[in-house]
């Protein structure tokens, strides 16, 4: 009987701790804000606001740092007045994500994605009637049909391909000069992640994946809110001759460990040489592509140790 009592007590204690943990309380509160308009209105009176103009966030430059001011209320001021009074400017998000503090980047990305979604879903796709958002902005409703629309993300993969001693990186025409990154592409309807990785590698560089494994994921606001699923993929060294798809890529090549280590030290704008060419550099640390590359370096280094 004592053993049963102790088991029940432990379960009850565990449940109490979980329900009263900071994380659980926070998640449940945020869920209430999404559904309870009156609670959301109340929260707005003490909440902080990020400012956006044409999907660009407002940043303040303080020395070499860029800060995201969190205002207690969003006043109806002209753009030029805001920039003058707050001593900052509205900055393209592709730049802003890489110059602000790491804790602000996910919030800016989420905010812009939500604003973009609302802007492109103002009408019901079935009735053509205007949709209305709730106070929290977590959904839009067509009152003519009763259809509720929720924000969605498109799944995509990013893959670092290796043949065991080298990794493959590529350039798209839209990349900044000198920047190379992992292969990436959207998931097709009906595909799972593994099928997408194998197809993208075959399509873009003409290689057949032997094995692959998951690394991590990241929300990415471009071009229109994606869930980036990061993987490592292995191909046979004997069959590692690249056959690049020039319709999608500008260049694709193998990199040795030494080249990757040197490239990670370079920053955007610092890789231009006297003859006008650019030394290779890689996506900044806020990106999941950077994480994939660093994981590969760590794996290679441990094998050499």
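Quick note: the coordinates plus some simple rules give every number you see, no bench work behind them. Computed from a predicted structure; not experimentally measured. So basically every Cβ, Gly included, is an ideal-geometry build from the backbone, and we count neighbours across all protein chains shown.
Among the residues of segment 89-106, is any more than 19 Å from residue 65 (Cα to Cα), surrounded by 15 or more Cβ atoms within 10 Å (Cβ to Cβ), touching a residue at least 24 places away in the same chain (Cβ under 8 Å) and touching a helix residue (DSSP H, G or I) at 6+ places or on another chain (Cβ under 9 Å)? There is no residue in segment 89-106 that is more than 19 Å from residue 65 (Cα to Cα), surrounded by 15 or more Cβ atoms within 10 Å (Cβ to Cβ), touching a residue at least 24 places away in the same chain (Cβ under 8 Å) and touching a helix residue (DSSP H, G or I) at 6+ places or on another chain (Cβ under 9 Å). Only residues that are assigned to a loop (DSSP other than H, G, I, E, B), over 25 Å from the mean Cα position of the chain (by Cα) and either in contact (Cβ under 8 Å) with a residue 12 or more places away in the chain or under 17 Å from residue 295 (Cβ atoms) (or both) were counted across segment 242-270, and they come to 4. Here residue 190 meets each of (1) in a strand (DSSP E or B); (2) free of Cβ contacts under 8 Å to residues at least 12 places away in the same chain with one exception, condition (1).
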